[in-house]
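J.: Just dropping this structure here.
We did not get these values from a lab; they are worked out from the coordinates using the rules stated. All of these numbers come straight from a predicted model, not from anything done at the bench. Glycine gets a Cβ as well: all are built from the backbone with ideal geometry, and neighbour counts include every protein chain shown.
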Amino acid sequence: MIISIASGKGGTGKTTIATSLALSLTAELTPPPLFLDCDVEAPNAHLFLHPRLFEQQDVDLLIPEVDESKCTYCGKCAEVCQYHAIVVLGQKTLVFPQLCHGCGSCTALCPVKAITEIPDRMGVLERGLAKAGITFARGVLDVGEPMAVPVIRQLKKWAVPQAGQVTIRDAPPGTSCPVVETVRGSDYLLLVTEPTPFGLHDLRLAAQVAGELGAPAGVIINRENGPYPEMDEFCGHQQLPVLLRIPFERAIAEGVAQGKTLVEIHPEYTAVFRRMIQQIKDSQS
């Protein structure tokens, strides 16, 4: 089973939920869960799970390199490139690696085979063991690199779960391409939100992404401080079950600031998360 934890905006407590969920399942599952930190631009799950990372692999994107001695400057490569990463200006072919998506079209269609592909590092994958035997893997995008999706895609291929192992994916915030790549292939999507107009606005966007991907989803309302009827009305209208409500509480804020997970701050949440997972499984059967 693959469970992705996402949110329409940053700062809702998505990683707090993801790490606590992983710890809650360790005693019940053999093997313990596989945790993927897919927020490759700002991964921070390690601050809570404290993994020992002992394996690394670079993430490369294949970008075109032009042999000027062969190039006839016909412009076929520029015509096929949707991202304008290669341009022909007179007797010069220019390549812009930052715009290249590594699709290989220019290389394949060059009539004189003047284009080859060379690896260009854009990030790194890391893997190890975290608290309670959790298998931990994350991607880290190199500073200045513009595209997170290839790193996330490679992370999902590199860190493959064992037979019967539950996978928990901590998605980037928002609703853009990195979130879509993280969520793709998930069995269930947990949408973490907060009971504010801003939180509701971004929950609407996240729910739309879930609908477009055909991913079953439920909602966790974090930092709840009294009723917010608009949130409940939206969830009811969209048939999104509210699976968990976490109160706005100083002790939780202080604990998270110290690098503690929710189940370490309030151990009783371990049973709450387990019941929630069982509810999800029941809804899927």
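J.: Contour minus end-to-end for LEU47 and ARG184, with contour as 0.36 nm per residue of separation and end-to-end as the Cα-Cα distance? Let's see the in-between values first.
T.: Values: separation 137, 0.36 × 137 = 49.32 nm, distance 2.57 nm.
So the chain would gain 46.8 nm between LEU47 and ARG184.
J.: Can you compute the charge dipole magnitude of the chain about its Cα centre, using +1 on each Lys and Arg Cβ and -1 on each Asp and Glu Cβ, nothing else charged? Give it in debye, rounded to the nearest 20.
T.: 360 debye
J.: Using 0.36 nm times the number of residues separating ILE118 and CYS74, minus their current alpha carbon distance, what extension gain do you get?
T.: Values: separation 44, 0.36 × 44 = 15.84 nm, distance 2.16 nm.
Contour length minus Cα-Cα distance gives 13.7 nm.
J.: Still on this structure: Quick one, can you get me the convex hull of the C-alpha atoms of the chain expressed as volume per residue in Å³?
T.: On the way: hull volume 42.3 nm³, N = 285.
Considering the Cα atoms of the chain, their hull volume per residue is 148 Å³.
J.: Please work through the chain and write down the cysteines that have no neighbouring cysteine Cβ at a distance under 4.7 Å.
T.: CYS38, CYS71, CYS74, CYS81, CYS100, CYS103, CYS110, CYS177, CYS235
J.: Another question, then. Residue-wise, which Karplus ³J(HN,Hα) couplings in Hz belong to the range 171-176, taking 6.51 cos²θ - 1.76 cosθ + 1.60, θ = phi - 60°, and x for glycine or proline?
T.: Calculated HN-Hα couplings, in order: 7, x, x, x, 9, 8 Hz.
J.: To the nearest 20 Debye, how big is the dipole of the range 51-189 about its Cα centre, given +1 on the beta carbon of each Lys and Arg and -1 on that of each Asp and Glu?
T.: So the magnitude is around 340 debye.
J.: Show which lysines lie in cross-link reach of LYS260 when reach means a straight Cα distance below 21 angstrom and same-chain residues fewer than eight apart are skipped.
T.: LYS14, LYS131
J.: Counting other Cβ atoms within 10 Å, which chymotrypsin sites (Phe, Trp or Tyr not before Pro) in the range 230-272 have at most 14 and lie in a DSSP loop?
T.: For chymotrypsin sites (Phe, Trp or Tyr not before Pro) across the range 230-272 that sit outside H, G, I, E and B with at most 14 neighbouring Cβ atoms in 10 Å, the list reads PHE248.
J.: Below 22 Å, Cα to Cα, which lysines can LYS76 reach? Residues fewer than 8 away in the same chain don't count.
T.: Leaving aside lysines fewer than 8 places away in the same chain, those within reach of LYS76 are LYS92, LYS113.
J.: Further, regarding this structure: What's the local net charge at GLN98, with K and R +1, D and E -1, over the other residues with C-beta under 10 Å away?
T.: Details: positive: none; negative: ASP120, GLU145.
Residues near GLN98 contribute -2 overall.
J.: Restricting to Cα pairs below 8 Å that are 6+ residues apart, what does the relative contact order work out to for the chain? Please round to a whole percent.
T.: Value for the chain: 27 percent.
J.: So between ALA253 and GLU55, what do we pick up on full extension, going 0.36 nm a residue minus the alpha carbon distance?
T.: Residue separation times 0.36 nm, minus the Cα-Cα distance, leaves 68.0 nm.
J.: Further, regarding this structure: Run lengths n ≥ 4 of DSSP H only: what is the helix-derived mean residue ellipticity at 222 nm for the chain, with -39500 (n - 2.57) per run over all residues, to the nearest 500?
T.: It comes out at -9500 deg cm²/dmol, rounded to the nearest 500.
J.: Could you give the spread of the C-alpha atoms of the range 68-113 along their three principal axes, from largest to smallest, in whole angstroms?
T.: Taking the Cα atoms of the range 68-113, the three principal extents are 24, 19, 16 Å.
J.: In percent, what relative contact order does the range 68-113 have, based on Cα pairs under 8 Å that are 6 or more apart in sequence?
T.: Numbers: 54 pairs, mean separation 18.6, N = 46.
Across the range 68-113, relative contact order equals 40 percent.
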